[in-house]
Amino acid sequence: MSSPFHAGLVALIGRTNVGKSTLLNALVGRKVSIVTPKPQTTRHPVQGIVHRPGGQVVFVDTPGFFKTRASRLVDELHGRARDALEGIDAVVHVVDPSREPGAEDQQVCDVLQGVAVPRLLCLNKADLRRRPALESWKARAGEYAAVVETSGRTGLGLDTLVGELLSRLPEHPPLYPEDQVTNAHRDFEIAELIREQVYLQTGEEVPYRTVIELDSVEPAVTREGQPFLHIKASILTPHDRYQRMLIGVGARKIRDIGTAARQELESRLGQKVFLDLDVLVDRTVGQ
Ligand SMILES: Nc1nc2c(ncn2[C@@H]2O[C@H](COP(=O)(O)OP(=O)(O)OP(=O)(O)O)[C@@H](O)[C@H]2O)c(=O)[nH]1
Ligand SMILES: [Mg+2]
């Protein structure tokens, strides 16, 4: 008789910037969630699916907790992270021991207090030599079902993490077919890859006051008969000032964002892309 299959939903939760999305991408083996050095890059819970012969782990990436002045966006993102814990089978608390624990970590611990499913602690960024908070996190091991050291950058500890989770997930048939690695739809992924470049290529304030709107995605053919995907998208922002920053002197900024996003899109979609990118003022964004 073959051994039973285990499958379930596992939330990755933690302070912003601890490497949750990088970890998810490394676990899945491709980018399903965007990554930048800026806080609160992840805005929507994205699922990444890990397939193993004996089971399936459906990881749910969540927006990180971020202590800053009160804003509707931050409240909304914290709310989405909390909501992502509904109906999960286990939770991985991801921490970055290269930074001292802060108020945001406490916020996460408070949220986890109310969670009845197994909790694992992930001591991430293990590739970093200086991790001054490592011992203080290890001292809290008793609060967790297991502790695993990982690096999304080098892949260290990922198999151990998956193994620890599978042994705690319920007996359940697969939640997704074997060839599926994310629940995200193509158009969401396209908008996210553009947003990633806005985060990477603009200053502190701008990314948080932008929304990407996908206007159309159409297959097309060049005069020479080469097929390509024509993507028309807009970066919406509430102020003329941000619009000017996004366009840049001589439209250089928007060209750089467009070029980098097009390269990412072509590698993601496996085909030539023509990206038509506009920057528009929409007073309702980020209100
Ligand atoms: N050295 C090192 N850096 C990492 C590792 N994982 C992520 N980073 C870096 O940490 C920064 C944040 O990574 P993300 O994966 O976006 O972090 P996150 O926890 O998803 O952040 P939010 O979505 O904002 O909550 C990026 O600059 C990553 O390159 C790691 O294992 N080692
Ligand atoms: Mg993230």
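Where a number appears in this text, it was derived from the coordinates with a stated rule and is not lab data. It should be emphasised that the depicted structure is a prediction, and the values quoted were computed from it without experimental measurement. Cβ atoms come from the backbone with ideal geometry, glycine included; neighbour counts cover every protein chain shown.
Net length available on complete extension from Q106 to R153 is 14.4 nm, with 0.36 nm assigned per residue and the Cα-Cα distance removed.
The modelled label-to-label distance for the pair K38/Y176, using points 7 Å beyond Cα in the direction of Cβ, is 2.6 nm. Considering only Cα atoms, the convex hull volume of the stretch 107-261 works out to 229 Å³ per residue. Along the charge dipole of the chain, Cβ charges K/R +1 and D/E -1, which of P63, G248, V94 sits furthest on the positive end? Towards the positive end, the residue furthest out is G248.
Put in order of Cβ neighbour count within 10 Å, fewest first, the listed residues H230, H93 become H230, H93.
Expressed as an acute angle from 0 to 90° and rounded to the nearest 10, what is the orientation of the C-alpha long axis of helix 103-113 relative to the principal long axis of the chain? The two axes meet at around 60 degrees. Cα to Cα, under 25 Å, and not fewer than 8 places away if on the same chain: which lysines meet these conditions relative to K138? Qualifying lysines at Cα under 25 Å: K20, K67, K125. With respect to the chain, whose longest principal axis is taken over its alpha-carbon atoms, helix 252-269 is tilted by about 60°. Between R283 and T259, the simple spin-label model (points 7 angstrom out along Cα→Cβ) gives 3.6 nm.
Starting from the coordinates of the alpha-carbon atoms of the stretch 46-118, obtain the Kirkwood hydrodynamic radius over all distinct pairs and give the value in Å to one decimal.
Numbers: mean 1/r = 0.0722 Å⁻¹.
When all Cα pairs of the stretch 46-118 are included, the Kirkwood radius is 13.9 Å.
Converting phi to 3J(HN,Hα) with the Karplus coefficients 6.51, -1.76 and 1.60 and the offset θ = phi - 60°, the stretch 38-45 yields 7, x, 6, 5, 6, 10, 10, x Hz in sequence order, with x at every glycine or proline. Listed by chain and number, the lysines whose C-alpha is less than 25 Å from the C-alpha of K253, apart from same-chain residues fewer than 8 away, are K31, K38, K232, K272. Over what distance in Å are the Cα centres of the stretch 179-228 and the stretch 63-105 separated? If we compute the Cα centre of each part, the gap is 25 Å.
Karplus-based coupling profile of the stretch 56-69, in residue order and whole Hz: 9, 10, 9, 7, 10, 7, 10, x, x, 7, 9, 8, 8, 4, with θ = phi - 60° in 6.51 cos²θ - 1.76 cosθ + 1.60 and x standing for Gly or Pro.
Taking the square roots of 5 times each eigenvalue of the Cα gyration tensor of the stretch 186-281, largest first, gives ellipsoid semi-axes of 24, 13, 12 Å.
3J(HN,Hα) along the stretch 22-37, derived from phi through the Karplus expression 6.51 cos²θ - 1.76 cosθ + 1.60 where θ = phi - 60°, amounts to 4, 4, 4, 4, 5, 5, 7, x, 7, 5, 10, 9, 6, 9, 8, x Hz, with x in place of Gly and Pro. The ratio of the alpha-carbon radius of gyration of the stretch 159-237 to the globular-protein estimate 2.2 N^0.38 Å is 1.66. Between the beta carbons of L128 and N183, assuming R0 = 30 Å, the FRET efficiency works out to 0.45 to the nearest 0.05. Taking the number of Cβ atoms within 10 Å of each Cβ as an exposure proxy, the fewest-first ranking of C109, C122 is C109, C122. The alpha-carbon atoms of the chain define a convex hull whose volume equals 153 cubic angstrom per residue. Near T182, the amide H atoms lying under 5 Å from its own belong to I49; only residues 5 or more places off or on other chains count, and H is placed 1.01 Å from N. Once you sort the root eigenvalues of the Cα gyration tensor of the stretch 6-166 as a ≥ b ≥ c, which label holds: rounded (a/c under 1.5), prolate (a/b larger than b/c) or oblate (the other case)? Rounded shape, in that the Cα axes give a/c under 1.5.
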